[in-house]
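Take a look at the structure below.
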Amino acid sequence: MSTLREQLEADLKQAMRAQNALELSVLRMAKSAIQYKAVEPNAKPLVDMDIVAVLRKLINQRKDAAEQFRQGNREELAAKEESEILILQRYLPKPLSAEELSQVVRQTIAELGISGPKSFGVVMKKVVEQVQARAEGKAISEEVKKQLV
């Protein structure tokens, strides 16, 4: 099985051959962002989860930009940003459904044998380790708060 970085490289080459300008642009941007992360001071060799974090950051930037373009009545630019988001999302792990996330949180709370809002940090840490980028932090936080009441 190839790594996420190898998959991005292969898809970049394919986009070049197909002369797909949008995909080529997005994949080059992603590759550049990953490379910047890899050469940061005190950087460790990147694993797939590090690359997923970089891609999530790029997606969030695109979401913010699309929102700003919509507020400025620039629908065509917002649509371009959303197209870029769709390309980047192909490289993220399959997200957990709300039911799956709820189940993971419920199991974690049961395993730890704790309850009450004071245990929020402990539960959050454990759940984040278990889902490994398959759910957004905000969704995890809301579910943990809901179940720790």
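The values are calculated or read from the model by the stated rules, or taken from the named source; none is laboratory data. On a predicted model such as this, the values are computed, not experimentally measured, just so you know. Here the Cβ positions follow ideal geometry from the backbone for every residue, glycine too, while neighbour counts run over all protein chains shown. For the accessible areas, the whole protein counts, side chains as well, though only heavy atoms, and no ligand, DNA or RNA atoms are used. Shrake-Rupley method; radii C 1.70, N 1.55, O 1.52, S 1.80 Å.
With the requirement that a residue be touching a residue at least 60 places away in the same chain (Cβ under 8 Å) and of a type in the set (Gly, Ala, Ser), what does region 124-149 give you?
Once the filter is applied, which keeps residues that are touching a residue at least 60 places away in the same chain (Cβ under 8 Å) and of a type in the set (Gly, Ala, Ser), region 124-149 yields only Ala133.
Do we have Pro95 as under 29 Å from Gln7 (Cα atoms), touching a residue at least 40 places away in the same chain (Cβ under 8 Å), outside any helix (DSSP H, G or I) and not β-branched (Val, Ile, Thr) here?
On the way: under 29 Å from Gln7 (Cα atoms): yes; touching a residue at least 40 places away in the same chain (Cβ under 8 Å): yes; outside any helix (DSSP H, G or I): yes; not β-branched (Val, Ile, Thr): yes.
It is true that Pro95 is under 29 Å from Gln7 (Cα atoms), touching a residue at least 40 places away in the same chain (Cβ under 8 Å), outside any helix (DSSP H, G or I) and not β-branched (Val, Ile, Thr).
From Leu55, Leu86, grab the single residue that is in contact (Cβ under 8 Å) with a residue 12 or more places away in the chain and either part of a helix (DSSP H, G or I) or among the small types (Gly, Ala, Ser) (or both). Give the steps one after another, and end with the answer.
Working: Leu86 fails: in contact (Cβ under 8 Å) with a residue 12 or more places away in the chain.
Criteria check complete, one pass: Leu55.
Quick one: how many residues across region 32-50 are touching a helix residue (DSSP H, G or I) at 6+ places or on another chain (Cβ under 8 Å), at pLDDT 90 or above and open to solvent by 90 Å² or more (accessible area, probe 1.4 Å)?
Number satisfying all stated conditions: 0.
Give me the residue from region 111-126 that is more than 10 Å from Gln147 (Cβ to Cβ) and of a type in the set (A, V, I, L, M) and, out of that set, most open to solvent (accessible area, probe 1.4 Å).
Top of the filtered list is Val122.
Which members of region 33-52 meet the condition of being out of contact with any Asp or Glu (no Cβ under 8 Å at 6 or more places or on another chain), more than 18 Å from Ala135 (Cα to Cα) and in a helix (DSSP H, G or I)?
Ala33, Ile34, Gln35, Tyr36, Ala38, listed by residue number.
Within the bounds of region 76-93, is there any residue that is under 20 Å from Ala133 (Cα atoms) and open to solvent by 90 Å² or more (accessible area, probe 1.4 Å)?
Yes, region 76-93 has at least one match.
Between a residue in region 101-123 that is part of a loop (DSSP other than H, G, I, E, B) and any residue that is not small (Gly, Ala, Ser), which pairs come within a Cβ distance under 8 Å, given they are 6 or more apart or on different chains?
From residues that are part of a loop (DSSP other than H, G, I, E, B), the pairs are Ile114/Val122; Ile114/Val123; Ser115/Ile109; Ser115/Leu148; Gly116/Leu148.
Among the residues of region 1-28, how many are in a helix (DSSP H, G or I), loosely packed, with under 15 Cβ neighbours inside 10 Å and of a type outside the set (Gly, Ala, Ser)? I'd like the intermediate steps shown before the answer.
Restricting attention to region 1-28, the residues satisfying the condition of being in a helix (DSSP H, G or I) are 4-18, 21-28.
This time we only want the ones that are loosely packed, with under 15 Cβ neighbours inside 10 Å, so: 6, 9-10, 13-14, 16-18, 21-22, 25, 28.
If we keep only those that are of a type outside the set (Gly, Ala, Ser) too, we end up with 6, 9, 13-14, 16-17, 22, 28.
Residues meeting the conditions: 8.
I'd like the residue in region 138-149 that is surrounded by 12 or more Cβ atoms within 10 Å (Cβ to Cβ) and of a type outside the set (Val, Ile, Thr) and, out of all such residues, is farthest from Leu92 (Cα to Cα). Before the answer, list the steps.
Step one: filter region 138-149 for residues surrounded by 12 or more Cβ atoms within 10 Å (Cβ to Cβ), giving 139-145, 147-148.
So of that shortlist, the ones also of a type outside the set (Val, Ile, Thr) come out as 139, 141-143, 145, 147-148.
Numbers: Ala139: 16, Ser141: 20, Glu142: 21, Glu143: 21, Lys145: 26, Gln147: 27, Leu148: 29 Å.
Only one residue fits best here, namely Leu148.
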